[in-house]
Amino acid sequence: MRRWATAAGALALTGGLLAAAPQASAAGLTQVTGFGTNPGNLSMYTYAPDALPAGAPLVVALHGCTQNANDYYAHSGWPKLADAYGFALVLPQTSSANNANSCFNWFEPGDSGRGRGEALSIKQMVDKAVALHGGDTRRVYITGLSAGGAMTANMLAAYPDVFAGGAIGSGLPARCASSVSTAYTCMYSPPDKSPAQWGDLVRSTAPAGTNSWPRVAIWQGTADTTVRPANATELRDQWTNVWGIGQTPSRTESLGGGTTLSVYDDASGRSAVEVYTVSGMGHGLAVDPGSGAEQCGSAGTYYLDTICSSYHTARFWGLDGNEDTGSLPAPTGPIPATSALCLGIQARKPLLAPSPSPTDTAIR
């Protein structure tokens with residue numbers, strides 16, 4: 001069993017209390033076993049609406065640190081959208097056996113690369129869910145928050161042949177970090193690489209000859225002190241370069257909740273990368289509780305009442321029915337914070353993470 005050493009002073013604190021995650025046993029989620037070799041030692045949970053038709057899409061949703069599958073299921077708003085639009089959900093879950101604060105190990109090459117560790121376990125969950133629900137392999141998507149968002153970026157880079165799109169919430173560029181020390185750097189002061197350098201990290205990770213890429217949504221709060229807003233800029237640079245398009249938005253739009261949407265179209269005029277900047281929002285996932293069509297989710301720790309990010313992401317992917325399935329998994333393009341959600345930086349023995357300062361509680 002894999003064990004991790006805890007970094008000194010790195011407990012997830014909220015108001016001076018340890019942030020405890022709820023148990024993943026709520027009605028609606030079903031645990032699935034026997035989904036593969038599971039080298040990452042993860043648990044698989046699924047949700048599917050009643051009478052889900054064959055050929056439905058699939059969304060994989062990755063929780064953040066100190067959270068679990070049920071926490072993300074209960075707060076993110078994705079179940080409401082699954083019911084409304086007709087798709088299945090897969091909610092992978094890690095545990096303290098992998099990481100002391102139950103974080104996906106996005107900064108460990110052995111867990112975040114193609115065919116390895118946790119990344120391979122997630123891919124095996126996709127295969128199992130598609131088989132269980134008769135899903136459409138051309139319409140598989142992945143999203144995540146914080147550590148889950150960082151892992152999402154790595155999954156998109158490692159498996160562009162699996163995912164038609166992704167959404168990175170308060171996350172980091174793919175392959176930004178490969179160790180504890182570089183993870184700190186990425187969170188607080190991401191490297192100012194050129195778009196081509198960021199894009200090369202994706203291209204070198206993807207299978208040789210890849211020329212079709214996922215459509216990527218990037219969500220970031222301007223007041224995030226755990227994952228600095230500069231990460232959203234580097235993510236934009238990375239994925240626009242992968243698509244072979246420039247870094248000047250094709251158009252911008254003002255949305256609710258103080259959100260600005262910047263859209264980057266591919267050569268055909270279809271949006272390939274979208275950046276959602278939420279003014280004044282800290283570290284967390286944007287939700288908008290309510291019964292309105294554009295509302296979803298429930299507020300809580302790291303679920304911030306601003307705008308329903310899951311709704312806008314689902315529409316970006318075309319899950320509302322405005323999807324050109326003939327062009328999926330993605331249109332071919334030219335190849336060229338002291339908040340408590342934490343990104344789960346725990347060192348594999350014998351390496352220990354450096355001790356943060358008393359106010360630096362972002363590393364879990």
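The values are calculated or read from the model by the stated rules, or taken from the named source; none is laboratory data. This one's a predicted model, so the numbers in the text were calculated from it and none came from an experiment. Virtual Cβ from ideal backbone geometry, glycine too; neighbours counted across all protein chains shown. Please note that ligands, DNA and RNA were not included when accessible areas were found on the heavy atoms of the full protein model with its side chains. Shrake-Rupley method; radii C 1.70, N 1.55, O 1.52, S 1.80 Å.
Among what's in segment 239-267 and is outside any strand (DSSP E or B) and of a type in the set (A, V, I, L, M, F, W, C), pick the residue that is most open to solvent (accessible area, probe 1.4 Å).
My answer is Ala267.
Kindly evaluate Asp71 against the criterion of being open to solvent by 30 Å² or more (accessible area, probe 1.4 Å) and acidic (Asp, Glu).
Criteria not met by Asp71.
Are any residues in segment 268-297 among the polar types (S, T, N, Q), open to solvent by 40 Å² or more (accessible area, probe 1.4 Å) and out of contact with any Ser or Thr (no Cβ under 7 Å at 6 or more places or on another chain), and if so, which ones?
Ser268, Ser291, Gln295
Name the residue, out of Ala183, Ala164, that is among the small types (Gly, Ala, Ser), open to solvent by less than 10 Å² (accessible area, probe 1.4 Å), on the phi < 0 side of the Ramachandran plot and modelled with pLDDT under 95.
Step by step, each of Ala183, Ala164 is checked, and only Ala183 is among the small types (Gly, Ala, Ser), open to solvent by less than 10 Å² (accessible area, probe 1.4 Å), on the phi < 0 side of the Ramachandran plot and modelled with pLDDT under 95.
Tell me which residues, restricted to segment 271-296, are assigned to a loop (DSSP other than H, G, I, E, B) and not polar (S, T, N, Q).
Gly280, Met281, Gly282, His283, Gly284, Pro289, Gly290, Gly292, Ala293, Glu294
Of the numbered conditions (1) modelled with pLDDT of 90 or more; (2) open to solvent by 60 Å² or more (accessible area, probe 1.4 Å), Leu17 satisfies every one except a single condition; which is it?
The number of the failed condition is (1).
I need every pair where a residue in segment 166-192 that is within 19 Å of Pro109 (Cα to Cα) has its Cβ under 9 Å from the Cβ of a residue that is part of a strand (DSSP E or B) and of a type in the set (D, E, K, R), sequence separation at least 6 or different chains.
Val180/Arg348
Looking for whichever is among the small types (Gly, Ala, Ser) and modelled with pLDDT of 95 or more here; the options are Ala12, Ala82, Ala7. Which one fits?
Ala82
Residues checked against (1) over 22 Å from Leu81 (Cβ atoms); (2) modelled with pLDDT of 95 or more; (3) under 21 Å from the mean Cα position of the chain (by Cα); (4) not in a loop (DSSP other than H, G, I, E, B):
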residue: Gly269; (1), (2), (3), (4): yes, yes, no, no
residue: Ser298; (1), (2), (3), (4): no, yes, yes, no
residue: Ala337; (1), (2), (3), (4): yes, no, yes, no
residue: Cys342; (1), (2), (3), (4): yes, no, yes, no
residue: Leu352; (1), (2), (3), (4): yes, no, no, no
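If Ala51 satisfies all but one of (1) at pLDDT 50 or above; (2) more than 20 Å from the chain's Cα centre (by Cα); (3) within 24 Å of Ile122 (Cβ to Cβ); (4) not acidic (Asp, Glu), what's the number of the condition it fails?
Failed condition: (3).
Report yes if Gly300 is open to solvent by less than 20 Å² (accessible area, probe 1.4 Å) and either charged (D, E, K, R) or closer than 23 Å to Ala147 by Cα (or both), otherwise no.
Against the criterion (open to solvent by less than 20 Å² (accessible area, probe 1.4 Å) and either charged (D, E, K, R) or closer than 23 Å to Ala147 by Cα (or both)), Gly300 does not qualify.
Go through segment 75-92 residue by residue and tally those that are assigned to a strand (DSSP E or B) and either touching a Pro at 6+ places or on another chain (Cβ under 8 Å) or surrounded by fewer than 24 Cβ atoms within 10 Å (Cβ to Cβ) (or both).
2
Between residues in segment 132-152 that are within 20 Å of Gly36 (Cα to Cα) and residues that are assigned to a helix (DSSP H, G or I) and at pLDDT below 95, which pairs lie under 8 Å by C-beta distance while being six or more apart or on different chains?
If the second residue must be assigned to a helix (DSSP H, G or I) and at pLDDT below 95, the pairs left are Asp136/Thr325.
For Gly209, all conditions in the list (1) of a type outside the set (Phe, Trp, Tyr); (2) over 23 Å from His283 (Cβ atoms); (3) in contact with a strand residue (DSSP E or B) (Cβ under 8 Å, 6 or more places away or on another chain) hold save one; what is the number of the exception?
With respect to (1) of a type outside the set (Phe, Trp, Tyr); (2) over 23 Å from His283 (Cβ atoms); (3) in contact with a strand residue (DSSP E or B) (Cβ under 8 Å, 6 or more places away or on another chain), Gly209 is out only on (3).
Regarding Asn211, is this residue over 19 Å from Ser309 (Cα atoms), at pLDDT 95 or above and open to solvent by 10 Å² or more (accessible area, probe 1.4 Å)?
When the stated conditions are applied, Asn211 does not pass them.
Return yes or no: is Ala54 open to solvent by less than 10 Å² (accessible area, probe 1.4 Å) and of a type outside the set (Asp, Glu)?
No; evaluated as a whole, the condition is false for this residue.
Can you confirm whether Ser279 is among the polar types (S, T, N, Q) and either modelled with pLDDT under 95 or in contact with a helix residue (DSSP H, G or I) (Cβ under 6 Å, 6 or more places away or on another chain) (or both)?
no
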